[in-house]
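Please treat every number below as a calculation from the coordinates, not as lab data. Predicted, not measured: the structure shown is a model, and the values here were computed from it.
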Amino acid sequence: MSRLIYMFISFISKLHYKILSLNYSSGMALTDKQLHFLVIGALGFAMVFIIQPIFRWLAKHNFELFVTFIYVFTVIVVISFAIELGQAWSGTGDMDLYDIAAGMLGFLVFFCVYLILYIIYRGLTSKKA
């Protein structure tokens with residue numbers, strides 16, 4: 001997990017450097033905040049066009065539990081990183097990627113147990129042909 005995160009950070013760092021180089025070579029001289037506004041804003045907006053049709057299809061085909069999982073998993077990732085960053089900033093603990101991985105695993109285990117119970121319940125309550 002940590003290797004994957006370091007690879008992602010390395011990719012983002014290289015991309016950040018290329019964007020900064022393009023910014024300076026073009027003569028635009030945008031600030032870091034202006035670049036973040038443009039790049040993250042455009043990335044998020046582009047993701048809407050990709051993700052919205054997928055979620056609409058999933059909801060239309062009764063995969064609302066999967067849509068819920070995706071949303072909650074995303075929120076849990078953000079909360080986990082925020083907790084670790086908060087611990088590092090406040091000195092109340094070490095920032096550890098394994099803590100984040102353990103939290104994600106905990107959520108996956110709880111969700112799988114719920115999913116099994118949900119499938120059993122749906123199987124028992126569905127109309128038989």
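From the list [x] 44, 24, 12; [y] 38, 23, 11; [z] 48, 15, 9, can you say which value of semi-axes √(5λ) of the Cα gyration tensor in Å was derived from the structure given? Of the listed options [x] 44, 24, 12; [y] 38, 23, 11; [z] 48, 15, 9, [y] comes from this structure. Between ILE119, ILE100, ILE70, the Gaussian network model of the chain with springs among Cα atoms under 10 angstrom shows the greatest mean-square fluctuation at ILE119. For the residues MET47, MET28, MET95, a GNM of the chain with alpha-carbon springs under 10 Å puts the largest fluctuation on MET28. For a straight C-alpha distance cut-off of 18 angstrom, the aspartates and glutamates reachable from LYS18 (same-chain residues fewer than eight places away being disregarded) are ASP32. Using the rule -39500 (n - 2.57) for each DSSP H run of four or more residues, divided by the residues of the chain, the 222 nm mean residue ellipticity is -30500 deg cm²/dmol. Largest mean-square fluctuation among TYR98, TYR118, TYR71, in a Gaussian network model of the chain whose springs join Cα atoms under 10 Å apart, belongs to TYR118.
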